[in-house]
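For reference, the structure discussed in these notes is given below.
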Amino acid sequence: MKRTKIGKRFYGTIAIALLLVSSFLITFYVFVKQQSLDHSLTVAVANNRASDVLKLLEAGADPNTPQSAPDLSPKTFFRVLLRHLRSNRPIRSTTLLHKAAAWRRPDKNKELKQEFSERHESAIIIEALLNHGAKVNAQDEIGATPMTLAVSYRKTEAVWSLVMHHANIDLQDDRGFCVSQWLCIVGWEYPVLGGGGRSEMRNLIDTAQHAPPGTKMPAQFLPHEWTL
């Protein structure tokens, strides 16, 4: 009788142990698979490969995968660290959307057609990230949003997508600059013919803010090479 009870306890313990090990292995497999997807998505965004980004997002990659902070000067680093201690916000808060909005190939000798082809790929990536839940108003290490980066790099197609997904143009970075200030800093704020003294980029932002959901960017704002 005692042997029977001991045997039942033994086999019960083995069953519980196997169940725990199986649960751990399944959880570990899911974790590793997710990490692999997220890493692949980071690489695809960094290399401006729209088709790969779309496939990985459909497979379950996280569009809000945190990215490592860029190289900062000591002065900037300590300012960011101080702000982090005061606000309890993570220092490394750059997102894939930031990287996509600021993406530019360093090759200055590329042909114009190649440049606009790559900008088109970048626009597809930004729209895909937003459609899969990327945080449109996320702020990076120095408080910049994807919107301020898109304005800084003069990427009209990125600005349109971000505004259509309710980007906040009034958020300020650590220097107190919002989108309106960046329009002046990068030279976008200049009068255009028939615009009533308003800049082309500001007209684009206003048009996007009042456009119905899903509206495509009007041809008047597209780079000329895209309309050929």
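The values are calculated or read from the model by the stated rules, or taken from the named source; none is laboratory data. All values reported here derive from a predicted model rather than from experimental measurement. Cβ: placed from backbone, ideal geometry, glycine included. Neighbour counts: every protein chain shown.
Given the options Ala61, Ala128, name the one that is of a type in the set (A, V, I, L, M, F, W, C), part of a helix (DSSP H, G or I), modelled with pLDDT of 80 or more and under 27 Å from Ser152 (Cβ atoms).
Answer to the selection: Ala128.
Against the definition (over 15 Å from the mean Cα position of the chain (by Cα) and modelled with pLDDT of 65 or more), how does Ser117 come out, yes or no?
yes
Out of the residues in segment 131-157 meeting the condition of being under 15 Å from Gln172 (Cα atoms), in a loop (DSSP other than H, G, I, E, B) and aliphatic (A, V, I, L, M), tell me which one is modelled with the lowest pLDDT.
Ile142
Could you please tell me which pairs satisfy a Cβ distance under 7 Å, a separation of 6+ or placement on different chains, a first residue in segment 149-173 that is in contact (Cβ under 8 Å) with a residue 24 or more places away in the chain, and a second residue that is charged (D, E, K, R) and in a helix (DSSP H, G or I)?
So the pair list comes out as Lys155/Arg119; Glu157/Arg119; Ser161/Glu127.
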